[in-house]
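Notes for the one structure printed next.
The values are calculated or read from the model by the stated rules, or taken from the named source; none is laboratory data. Just so you know, these numbers come straight off a predicted model, no measurement behind them. Here the Cβ positions follow ideal geometry from the backbone for every residue, glycine too, while neighbour counts run over all protein chains shown.
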Amino acid sequence: MKAALYARVSRADNDQDPENQLLKLREYARNRGFEVFAEYVDHASGALPSRPQLDKMLSDARGHRFNAIIAVKLDRMGRSALNLLGMLEELDRLRVGLICTDQAFDTTGPEGKLLFTVLSGVAEFERELIRERTRDGLARAKAQGKRLGRPPNPARTEEIVRMRQEGLSLRQIGEQLGLSHQGVKQRLRRAGLQKRDAN
């Protein structure tokens with residue numbers, strides 16, 4: 001079996017040396033007769049969903065260059081349950097196992113499959129919490145009278161004002177700029193101009 005070794009240390013902690021992880025990973029691979037395809041090392045926070053060497057390793061996995069990834073712990077791969085689940089689902093589709101030497105996590109065996117299922121449940125729970133927080137935040141902002149969405153482009157508003165002053169109707173302005181009649185009316189109202197007609 002060909003394996004990729006993955007080590008990550010935090011950029012903020014200069015005392016960490018990825019070689020400590022790599023020594024353990026090499027020994028694990030050697031003891032199980034795995035052929036090491038490559039070693040991938042990142043100096044980055046685990047909170048980052050994208051890391052140079054992690055991305056390169058996943059690209060090589062998509063190229064079917066190895067059958068397993070070995071890391072010391074699951075948190076070396078990522079800290080978010082959602083991020084980890086997405087990665088594990090992709091590795092599962094690619095038939096690439098994930099083995100953690102310091103944890104009982106090995107997706108090539110039944111125990112790992114069970115943990116994978118548990119992680120899926122945690123990730124779904126995390127997704128629902130994010131959706132709920134987003135809904136609550138939007139409702140609170142709306143109740144406080146805050147304007148939601150992207151702010152209008154001031155250059156576009158100036159153009160609408162100019163066209164209105166030239167005598168064009170709201171519908172004509174909307175047709176030329178690809179805006180709704182109501183959208184043109186709202187921008188004019190925000191600019192402090194009263195509509196002269198509804199056409």
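Okay, here's what the table says:
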item: Residue that is closer than 24 Å to LYS24 by Cβ, part of a helix (DSSP H, G or I) and at pLDDT below 85, where the choices are GLU111, GLU89, GLU132; result: GLU111
item: Filter result (at pLDDT below 75 and not in a loop (DSSP other than H, G, I, E, B)) within segment 135-155; result: PRO154, ALA155
item: Selection within segment 52-70 - in contact with a strand residue (DSSP E or B) (Cβ under 8 Å, 6 or more places away or on another chain) and among the acidic types (Asp, Glu); result: ASP60
item: Flag if LEU98 is among the hydrophobic types (A, V, I, L, M, F, W, C) and not in a strand (DSSP E or B); result: no
item: Subset of segment 164-175 [part of a helix (DSSP H, G or I) and over 42 Å from the mean Cα position of the chain (by Cα)]; result: ARG164, GLN165
item: Matching option when the condition is charged (D, E, K, R) and assigned to a helix (DSSP H, G or I), among GLU39, GLU19; result: GLU19
